[in-house]
Amino acid sequence: MDKPRVREVILVEGRYDKNTLSQVVDALILTTEGFGIFKDPQRAALFRRLALERGAVVLTDPDGAGLVIRNHLKGILPPERVKMAYIPAVAGKERRKTRPGREGKLGVEGMDRATLLRALERAGATLEGAEAPRSEPRFTKAALYDLGLTGTPGAGARRGALLRALELPENLSTNALMEVLERITTPREVAELLGE
């Protein structure tokens, strides 16, 4: 099975994530060494340089630790050169572990090939031979409000239903949700998913 080539550097949490992803795509995949990125200015500088040169895709686990690492990377990397890839929150444990992690969710290493490829595609990773993503934004905070996903009674339940339907983590911020929706769907498709 051919592995698609990804132009951007892909940033993951640990070596098991890197190993799993390297079986799915041909790309430069680097690890944050978990929370090690917080105390490693040389690694941070390397990530910044590579993001400027090639672009970067951040792919962390859908748990609290993954969110903290993702947010740290957002803060140290040039925002216009970073794409965020998300995997769904799936209950379970990785095969190599004797018990699930603290939140009981599978991480990057526990995801199947199709899920990882879909996450990269949705993020807008440059896959060999793929079309460049559109630059005209379709989703704004006003659009989310009009769809009843923020600022309205029942918005939390509607957001939860949408996130489950799209297999996205439940802890996405409004800005992250807009970014993901922009890459994977249209306002009309979201309205249809929500039963309107």
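The values are calculated or read from the model by the stated rules, or taken from the named source; none is laboratory data. This structure is a prediction, so every number in the text was calculated from the model and none was measured. Please note: Cβ atoms are built from the backbone with ideal geometry, for glycine as well, and neighbour counts cover all protein chains shown.
Could you tell me whether Val68 is surrounded by fewer than 17 Cβ atoms within 10 Å (Cβ to Cβ), hydrophobic (A, V, I, L, M, F, W, C) and within 14 Å of the chain's Cα centre (by Cα)? Show your work before the answer.
On the way: surrounded by fewer than 17 Cβ atoms within 10 Å (Cβ to Cβ): yes; hydrophobic (A, V, I, L, M, F, W, C): yes; within 14 Å of the chain's Cα centre (by Cα): yes.
Yes.
Give me the pairs: first residue in region 91-107 and assigned by TED's automatic domain parsing to the domain that holds Gly66, second residue outside any loop (DSSP other than H, G, I, E, B), beta-carbon distance under 6 Å, and six or more apart or on different chains, which are they?
Glu94/Glu109; Glu94/Gly110; Gly104/Ala91
Only one of these conditions is not met by Val180: (1) outside the structural domain of Arg48 (by TED's automatic domain parsing); (2) assigned to a loop (DSSP other than H, G, I, E, B); (3) modelled with pLDDT under 85. Which number is it?
The single condition Val180 does not satisfy is (2).
Please go through region 147-191 and pick out each residue that is surrounded by 14 or more Cβ atoms within 10 Å (Cβ to Cβ) and charged (D, E, K, R).
Matches in region 147-191: Arg158, Arg159, Glu167, Glu179, Glu182, Arg183.
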